[in-house]
Amino acid sequence: MRVSYNWLRELLPELTLSPGEVADRLNDIGLAVDRVEARGQALTQVRLARVTALEPHPKRSGLRLVTIEHGRGTQRVVCGAANVPEPGGLVVLAPLGARLPSLPEPLAPREIGGVLSEGMLVSESELGLTAQAEGIVVLAAGAAEPGRTLAELVPSAVDTIFELDVTPNRPDALGHVGVARDLAALLALGAPRPTPAGAVTQSDVALASLVTIENRDTERCPHYAAGAVLDVTVGPSPLWLRWRLESLGVRAISNVVDVTNLILLEFSQPLHAFDLDRLRGARIVVRRATPAEPFTTLDGVARKLDADDLVIADGDAPSALAGVMGGQDSEIRATTRRVLLECAYFQPRGVRRTARRHGLHTESSHRFERGVDFGAVPAVLERAKELLAELSGGSIVTGAIHARGPEVAPARIRLRSSRLDTLLGVAVPFEPAVASLERLGFAVASRSGSGESAAVEVLAASHRPDVTLEVDLVDEVSRLRGLDAIPARLPAVAPQPPRRTGELERRVLEVVQALGLSEALTYAFVDPADLRKLKAPEPAVTLKNPLGEERSVMRTSLLPGLLSSLTRARRRGETRVRLFSLGATFHAPVLAPSDGARPRLPEDVGSLPSERLELAVVLAGPRLERLVLDPPEVDVYDAKAIAVELVERLTQRSATVENAGAADGVAHLHPRGRGIVRVGDAVLGRFGPLHPEVVDAFALGGQAQVIELDLEALERLGTVVPRYRTIPRLPAVTRDVSLVVGEDVQAGRVLGVLARAAGELCESIDVAAEFRGGSLPAGSRSLTFRVVYRDPKARLDADDARTLTDQEVDAVATRMLEAARAELGAMLRT
């Protein structure tokens, strides 16, 4: 919405703020100003001039030499415009040095065809007043004295335009009166007063003799009003009106149409002007269209109407699509002499359906869809009649026809002082608050009580369809008082560690993306049934007004969203899925015992949920193996590898894994494949294949591996800074040892026993191979470990470091074997 500063000052004569200050105040009360544009500045530099002589250019056809008198003497300029008037006519001269919006530099002398032109006769577009122009600005002879600036002749054209971002709940702010009303309420000025029209003549013709109006659908059109102006002369609007409309983004057409557009921008009330002589049957009928009824709108498009469309019809056929667009048959033409003005209130939902059905979005439908001021219909109609009569030389037909449904009494909204204070969190003086509502146009119907028990009943205002509840009135008071008047007060919250800076999330994203995983952005709201399927913790936060049952609780696990993404991917034929989700989960608060270790939370925050940052990964489908036609599916070892790699990269520490057994939080994983990953004694996460019951419950259509990491536990562990270690100069001794162990003995456990028994001469031990079958006893398997031996002094590059002898290595190997045999029942495989 484009708003004129000059127009606001006309509506509010007491307004003394500068354009910049007005913009600040509008922002303060929620009418966001996106842009401020100065217009018409060039009008202060150009002057009116009288044409005294016209001569053809001696060398250039199509150009003429125009001699003008501009109050400070005479001069000759070269002009190519076709509409240069005969001697006596007035034009607009841009003198040397003038800065015009159309020119990059100040105007300088220019030789055209051997003739020096020291100045320029300008058009409206060259002055920045219109987007395009057919010729130079021409005024009637005697309209003003030469030498005056154009700004002196049309002062309203030098203006400042505010580009407002009006929200859909504020249809009143789509008109200057509504914006001025807000400013007046904020600044305690008088109510906005439109500039009265000049003297007009009255016709003695009775309106009822000119037209009859029948409203057959008072549900969709609760109020239809019409008035008439006779003996109009259709022609161009005066400069002030044309340039005002152009500055507000509306193309000037004719005085009759321009009046309707001016009223639209003034009151946010669309009007429609009918040529009364082209109204068949001298009759208006407000009705629904018949199915497939033909109608051609003003844009020249032939349409087939729907039975739900509301039309304004004459005696034969539709003349307008109610609230959206008029028709070609009754539009205003140059020969129009009698005008019927329509001013109505149409139901917003009906206009919205019609506009969308026909793919139309007009200035009219934009306002009717949001709700215009139904209480202002009579006053707006009278204002339009007066302006039209003044600008067209017509005469007003006294009175108006109002075809309306039953009147509905305005709703009463109760506002309590105590509620006002509670919602704003600060004591608000009640009487000034009520006075601010009255300045916004809300009438007080009754008062009761005093002090904290004071209350008023306010009548709903027809221009504010968005204000229907007590909280809406509180919001209006808050707007005018200013949000800065509400003290900033931190709410009571559970003690938390210092807020994360986002560094952990950044590092996690870098690592998971480096491992080839793709992020899935999932909702924090989930279906409680999905949490039950995963045997996840019960939700701690339930929404009071959810979008639906499937988004009714805050998640306690990231897996529901990931598994939903996996299901959609598989249904669309994507078999290889590598997804992760990084985000918060919400859990029941855990209060520390009052044993002095940690103070209990205050009672008012003890029920607040705790928020935990987690990472979840889902792997499914075949491995990415090149030159393999049928690669195997990912399994628990893939999940284990990624889980360990994630932890080790993020902590720079060695991670270990072990069977999760019956540990907490693993019920959704397969009992034969679930594991936990830890660093030292700290458990950082879990991984494994999903339990078959979970796979079936989510209809995944196949197995999937998942990883879940507690990033806050990982953050508490901290990161070890890697240290440089020199490359040993002395060679290591590498040997493989194969041990036969039972199927129930984990490889990690065997590795731990061997490492402890090896002592400091063992540099590293890794699992190299696994074997089953052959001559091995049933229920057993062979694990091969690659052991690297080296003198620890060699790793430090000490001078007395030495190469280990076979005897030293054999002694360590024997010690390792004996430990494995004693603790695990392992046997050396030969």
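The values are calculated or read from the model by the stated rules, or taken from the named source; none is laboratory data. A quick note: this is a predicted structure, and the numbers were derived from the prediction, not measured. Heads up, the Cβs are rebuilt from the backbone with ideal geometry, glycines too, and the neighbour counts pull from every protein chain shown. Heavy atoms of the whole protein, side chains included, go into the accessibility calculation; ligands, DNA and RNA do not. Shrake-Rupley method; radii C 1.70, N 1.55, O 1.52, S 1.80 Å.
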Quiz item: Hey, any idea what the orientation-averaged projected area of the convex hull of region 386-484's Cα atoms comes to, in nm²?
Solution: 9.7
Quiz item: Over what distance in Å are the Cα centres of region 456-492 and region 402-425 separated?
Solution: 12
Quiz item: With the contact rule set at Cα under 8 Å and sequence spacing of 6 or more, what percent relative contact order holds for region 47-147?
Solution: 30
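Could you compute the FRET efficiency for residue 822 and residue 767, with r as their C-beta to C-beta distance and R0 at 22 Å, rounded to 0.05?
Numbers: r = 21 Å, r/R0 = 0.94.
With a Förster radius of 22 Å, E is 0.60.
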Quiz item: What is the total of Lys pairs in the chain with C-alpha atoms under 29 Å apart, excluding same-chain pairs fewer than 8 positions apart?
Solution: 4
Quiz item: For region 354-368, list residues with backbone N below 14 Å from a point placed 7 Å from the Cα of residue 301 toward its Cβ?
Solution: 354-363, 365
Quiz item: What accessible area per residue, rounded to a whole number of Å², is obtained for the chain using a probe radius of 1.4 Å?
Solution: 49
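Using the 2.2 N^0.38 Å rule of thumb for compact globular proteins, work out how region 606-745 stacks up: its C-alpha Rg over that value, please.
Details: Rg = 18.6 Å, N = 140, 2.2 N^0.38 = 14.4 Å.
Normalised Rg, Cα atoms only: 1.29.
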Practice problem: Considering the options 517, 129, 783, tell which one lies farthest towards the positive end of the dipole of the chain, charges being +1 on Lys and Arg and -1 on Asp and Glu at the Cβ, about the Cα centre. | Solution: 783
Practice problem: Quick one: angle between helix 176-187 and the longest Cα principal axis of the chain, in degrees between 0 and 90, rounded to 10, please. | Solution: 70
Quiz item: Can you list the HN-Hα couplings for region 7-14, worked out from phi with the Karplus curve (6.51, -1.76, 1.60; θ = phi - 60°), rounded to whole Hz and with x for Gly and Pro?
Solution: 5, 4, 5, 5, 6, 10, x, 7
Quiz prompt | Pairwise FRET efficiency - residue 422 versus residue 144, Cβ, R0 = 51 Å, nearest 0.05 | solution = 0.25
Practice problem: Please give the contour-minus-distance gain from residue 549 to residue 800: 0.36 nm per residue of separation, less the Cα-Cα distance, rounded to one decimal in nm. | Solution: 83.1 nm
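Ignoring ligands, DNA and RNA, what percent of the 1.4 Å accessible area of the chain is carbon and sulfur?
Numbers: 20690 of 40740 Å².
Within the chain, the accessible surface is 51 percent carbon and sulfur.
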Practice problem: Give me the percent of Cα-Cα pairs in region 2-59 that sit more than 12 Å apart, rounded to a whole number. | Solution: 77
Exercise. Quickly work out the residue 201-to-residue 729 label distance, labels modelled 7 Å from Cα along the C-beta direction, and quote it in nm with one decimal.
Key: 11.9
Practice problem: Would you give the gap between the C-alpha center of region 793-830 and the C-alpha center of region 326-353, rounded to a whole Å? | Solution: 100
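FRET efficiency for residue 574 and residue 356, Cβ-Cβ distance as r, R0 = 35 Å, nearest 0.05?
Values: r = 35 Å, r/R0 = 1.01.
Working from the Cβ atoms, E equals 0.50.
Quick one: length gained pulling residue 624 to residue 610 fully straight, 0.36 nm per residue minus the C-alpha distance? Walk me through the numbers before you get to the answer.
On the way: separation 14, 0.36 × 14 = 5.04 nm, distance 3.90 nm.
Between residue 624 and residue 610, full extension yields 1.1 nm more.
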Quiz item: Relative to the Cα centre, what is the charge dipole magnitude of the chain, using +1 at the beta carbon of each Lys and Arg, -1 at the beta carbon of each Asp and Glu, and rounding to the nearest 20 debye?
Solution: 900
Quiz item: Taking only Cα atoms, what is the 0 to 90° angle, nearest 10, from helix 503-514's long axis to the longest principal axis of the chain?
Solution: 70
Self-check item: Computed label-point distance, nm, for sites residue 811 and residue 55 using a 7 Å Cα→Cβ extension
Solution: 12.4
Exercise. Give me the distance in nm between label points sitting 7 Å out from Cα along the Cα-to-Cβ direction at residue 115 and residue 411, one decimal.
Key: 7.1
Quiz item: Which of the listed residues, 232, 243, 222, is farthest toward the dipole's positive end in region 188-306, when Lys, Arg count +1 and Asp, Glu count -1 at the beta-carbon?
Solution: 222
Quiz item: For residue 635 and residue 471 in one chain, what is 0.36 nm times their gap in residues minus the Cα-Cα distance, to one decimal in nm?
Solution: 53.4 nm
Quiz item: For region 393-459, what relative contact order do you get, as a whole percent, if you take Cα pairs closer than 8 Å and at least 6 residues apart?
Solution: 38
Exercise. Compute the acute angle (0 to 90°) between the alpha-carbon long axis of helix 747-758 and the principal axis of greatest extent of the alpha-carbon atoms of the chain; round to the nearest 10°.
Key: 60
